[in-house]
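Peer 1: One structure follows; several queries about it will come next.
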Amino acid sequence: SSFLFLCIFIYELNQRVIKMKFDQIIEKVLIHEGGYVNDPTDLGGETKFGITERFYADIDIKNLTKEQAKEIYKKDYWDKNRVEELPENLWYVFFDMCINQGRKAAVKILQRAANSKGRNISVDGGMGPSTIKALTGIEVDRVRAYRVKYYSDLVTSKPEQDRFYFGWF
């Protein structure tokens with residue numbers, strides 16, 4: 001009975017810590033994503049707090065509240081992408097990459113970063129046990145370097161996106 005209580009207590013404490021981490025990370029993301037923008041050259045279309053019309057056509061983007069944006073990010077980007085399964089030092093960068101590049105591209109960036117440190121995993125965009133294991137000990141700056149390369153390659157293939165490069169960087 002006391003063992004069960006201890007297990008429940010530890011689980012609940014862990015959930016609170018994860019929620020605190022999410023709350024800290026989402027505040028940072030919202031600052032970087034900014035407010036309302038409707039730039040015709042932006043591939044996402046009308047955007048607010050980083051939530052785009054391209055992926056949320058049924059939402060009134062212009063009147064989206066910060067709390068609504070947080071709910072979308074928690075459900076569709078944090079939970080869906082299993083952020084908490086990664087080493088904690090990669091939570092923010094992976095979450096942010098899922099938002100900006102999509103899950104598959106984000107996972108490929110993680111996989112390339114892991115392989116550059118001597119891991120030998122497929123760069124397939126799949127977040128399986130091999131990828132998660134390979135990420136142990138991978139530095140955030142290593143992931144960021146491969147993220148910058150991703151954006152550099154994107155601008156090379158789509159020069160009209162060059163104006164966004166510094167913001168992505």
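Peer 1: Quick one: would you say R82 is touching a residue at least 12 places away in the same chain (Cβ under 8 Å) and either more than 22 Å from D153 (Cα to Cα) or of a type in the set (D, E, K, R) (or both)?
Peer 2: Numbers: touching a residue at least 12 places away in the same chain (Cβ under 8 Å): yes; either more than 22 Å from D153 (Cα to Cα) or of a type in the set (D, E, K, R) (or both): yes.
Answer is yes for this residue.
Peer 1: Still on this structure, please answer the following. Can you pull out the residues in the range 154-169 that are under 19 Å from the mean Cα position of the chain (by Cα) and without any contact (Cβ under 8 Å) to a residue 24 or more places away in the chain?
Peer 2: Filtering the range 154-169 for residues under 19 Å from the mean Cα position of the chain (by Cα) gives 154, 164-169.
Across the range 154-169, the qualifying residues are L154, Y165, F166, G167, F169.
Peer 1: Just to be sure before I move on: is I26 modelled with pLDDT of 90 or more and either exposed (fewer than 15 other Cβ atoms within 10 Å of the Cβ) or more than 30 Å from A145 (Cα to Cα) (or both) in the structure I sent? So that I can check it myself, show each step before the final result.
Peer 2: Numbers: modelled with pLDDT of 90 or more: yes; either exposed (fewer than 15 other Cβ atoms within 10 Å of the Cβ) or more than 30 Å from A145 (Cα to Cα) (or both): no.
Considered against the rule, which asks whether it is modelled with pLDDT of 90 or more and either exposed (fewer than 15 other Cβ atoms within 10 Å of the Cβ) or more than 30 Å from A145 (Cα to Cα) (or both), I26 comes out as no.
Peer 1: Restricting attention to the range 29-53, which residues are without any contact (Cβ under 8 Å) to a residue 24 or more places away in the chain, surrounded by 13 or more Cβ atoms within 10 Å (Cβ to Cβ) and assigned to a loop (DSSP other than H, G, I, E, B)?
Peer 2: G44, G45, E46, F49, E53
Peer 1: Return the residues of the range 65-82 that are crowded, with 18+ Cβ neighbours inside 10 Å and assigned to a loop (DSSP other than H, G, I, E, B); say none if nothing qualifies.
Peer 2: Selection gives N81 alone.
Peer 1: Taking I72 as the residue in question, decide whether it is more than 24 Å from F166 (Cα to Cα) and under 17 Å from the mean Cα position of the chain (by Cα).
Peer 2: On the way: more than 24 Å from F166 (Cα to Cα): yes; under 17 Å from the mean Cα position of the chain (by Cα): yes.
For I72, the condition - more than 24 Å from F166 (Cα to Cα) and under 17 Å from the mean Cα position of the chain (by Cα) - is met.
The values are calculated or read from the model by the stated rules, or taken from the named source; none is laboratory data. Just so it is clear, the model here is predicted, and its values are computed rather than measured. We place every Cβ from the backbone using ideal geometry, glycine too, and count neighbours over all the protein chains shown.
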